[in-house]
Amino acid sequence: MNRVQWFFKGLKNGIPICLGYFAVSFALGISARNIGLDAPQSFFMSFSMVASAGEFAALNLIASGAGVLEMILTCAIVNLRYFLMSCSMTQKLSQDTSFLHRFPLAYCMTDEIFGLSVSVEGFLEPVYTYGITAISVFGWCLGTVLGVLVGNILPDIVTSALGVAMYGMFLAIIIPPARKDRFIAAIVIASMASSYAFSVLPVLKNISSGFRVIILTAVLAGIAAAVKPIEEDDSNGEAA
Amino acid sequence: MFDNMYVKLIIMACSIYAIRLMPFLFLKKPIKNRWFKSFLYYVPFVTLAVMTFPDMVNACVNPIAGFIVLGVGLVSAWVIGDLFTVAVGCCIAAFITGFIW
């Protein structure tokens with residue numbers, strides 16, 4: 001298969017991702033509108049970040065008036081899983097693949113695009129990932145902008161209902177692995193319980209939601225890694 | 001200057017891109033440190049769980065509706081697991097509970 005064929009294969013295989021992204025980013029657009037972003041700003045956010053939970057966190061940071069350091073740290077922490085995916089992706093690249101491909105490939109690292117890209121046999125043809133990304137980011141940006149624009153004319157009950165789509169998506173990412181692995185289920189329960197504690201206990205509840213995520217992630221994932229280190233050669237997969 | 005929305009967005013976009021790019025620049029071999037590998041593996045579960053609860057419940061019209069929506073999300077994620085289905089299922093549950101209260 002030549003590069004053009006790989007690109008078009010990526011476009012085709014990316015269609016389900018595009019549809020899923022459209023629905024989720026529509027809700028994201030509504031959240032963005034509620035925080036005061038206009039359509040060009042929302043487009044810029046979705047095009048430059050291409051991150052579901054990451055953009056959701058970004059909106060929270062903007063809404064809470066976070067400072068520069070908090071923004072940088074929270075975005076880095078919330079998107080640490082992309083670091084893991086990028087690590088895994090480097091292992092799919094042939095020595096013949098130009099180093100320059102690594103810059104655009106880094107942009108393409110989302111849960112879904114990564115998952116589809118690493119599922120090819122043997123080494124990855126980067127153009128395939130670009131095809132998947134082109135169609136996916138199209139759906140992602142279109143959904144975000146329409147969420148901002150059309151969200152205005154939808155009644156409150158509909159917009160607030162669409163707002164929970166983001167949380168539903170998070171559950172769809174963490175619950176299936178928790179079903180297969182009791183330890184992950186325990187981590188999820190402990191994380192939710194800690195998060196709840198941080199939202200109600202005196203002093204702790206004054207910590208911003210951004211830093212709450214940073215603190216709990218560092219502590220709980222750190223403990224989990226010490227208690228039950230993953231098997232060798234299992235550094236990716238479920239977390240993707 | 002920091003009050004400009006685009007400045008904030010650019011700062012965060014750069015942070016996210018840097019996280020994605022670093023392994024591509026520096027990693028020519030697999031990670032050896034087992035604790036760090038494990039830490040990275042567990043990160044998404046903790047992060048997303050913390051972001052979901054209790055915020056998901058608070059996003060609904062009242063706590064009862066919130067727990068119903070959360071329940072729908074948990075059960076559909078457990079049984080079906082498909083991202084799109086779960087997201088839409090939660091929306092429908094939130095719409096119906098919002099309509100009742």
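The values are calculated or read from the model by the stated rules, or taken from the named source; none is laboratory data. Remember, predicted model here, so these are calculated numbers, not experimental data. Ideal geometry is used to build each Cβ from the backbone, glycine not excepted, and the neighbour counts take in all protein chains shown. Accessible surface areas use protein heavy atoms only, side chains included; no ligands, DNA or RNA. Shrake-Rupley method; radii C 1.70, N 1.55, O 1.52, S 1.80 Å.
Could you tell me whether region A:187-198 includes any residue that is open to solvent by 10 Å² or more (accessible area, probe 1.4 Å) and more than 26 Å from residue B:81 (Cβ to Cβ)? Looking through region A:187-198, at least one residue is open to solvent by 10 Å² or more (accessible area, probe 1.4 Å) and more than 26 Å from residue B:81 (Cβ to Cβ).
You will find that of A:95, A:91, the residue that is facing chain B (nearest Cβ under 8 Å) and either more than 25 Å from residue B:32 (Cα to Cα) or out of contact with any Leu (no Cβ under 7 Å at 6 or more places or on another chain) (or both) is A:91 and no other.
Within region A:28-72, the residues that satisfy the criterion of being open to solvent by 10 Å² or more (accessible area, probe 1.4 Å), more than 8 Å from chain B (Cβ to nearest Cβ) and among the hydroxyl-bearing types (Ser, Thr, Tyr) are A:31, A:52, A:64.
A quick yes/no check of all residues on (1) touching a residue at least 12 places away in the same chain (Cβ under 8 Å); (2) among the hydrophobic types (A, V, I, L, M, F, W, C); (3) facing another protein chain (nearest Cβ under 7 Å):
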position	(1), (2), (3)
A:163	yes, no, yes
A:170	yes, yes, yes
A:176	no, no, yes
A:179	no, no, yes
A:184	yes, yes, yes
A:188	yes, yes, yes
A:191	yes, no, yes
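Of the helices (runs of 4 or more DSSP H) entirely within region B:1-65, those holding at least 2 residues that are more than 7 Å from chain A (Cβ to nearest Cβ) occupy B:5-26, B:55-58. Name the residue that is nearest to the other protein chains (Cβ to nearest Cβ), counting only residues in region B:90-101 that are at pLDDT below 90 and either open to solvent by 70 Å² or more (accessible area, probe 1.4 Å) or within 15 Å of the chain's Cα centre (by Cα) (or both). Checking each candidate, the answer is B:99. Among the residues in region B:82-89, are any open to solvent by 20 Å² or more (accessible area, probe 1.4 Å), in a helix (DSSP H, G or I) and farther than 23 Å from residue A:154 by Cβ? No: zero hits.
Residue A:109 satisfies every condition listed in (1) in a helix (DSSP H, G or I); (2) within 7 Å of chain B (Cβ to nearest Cβ); (3) modelled with pLDDT of 90 or more except (1).
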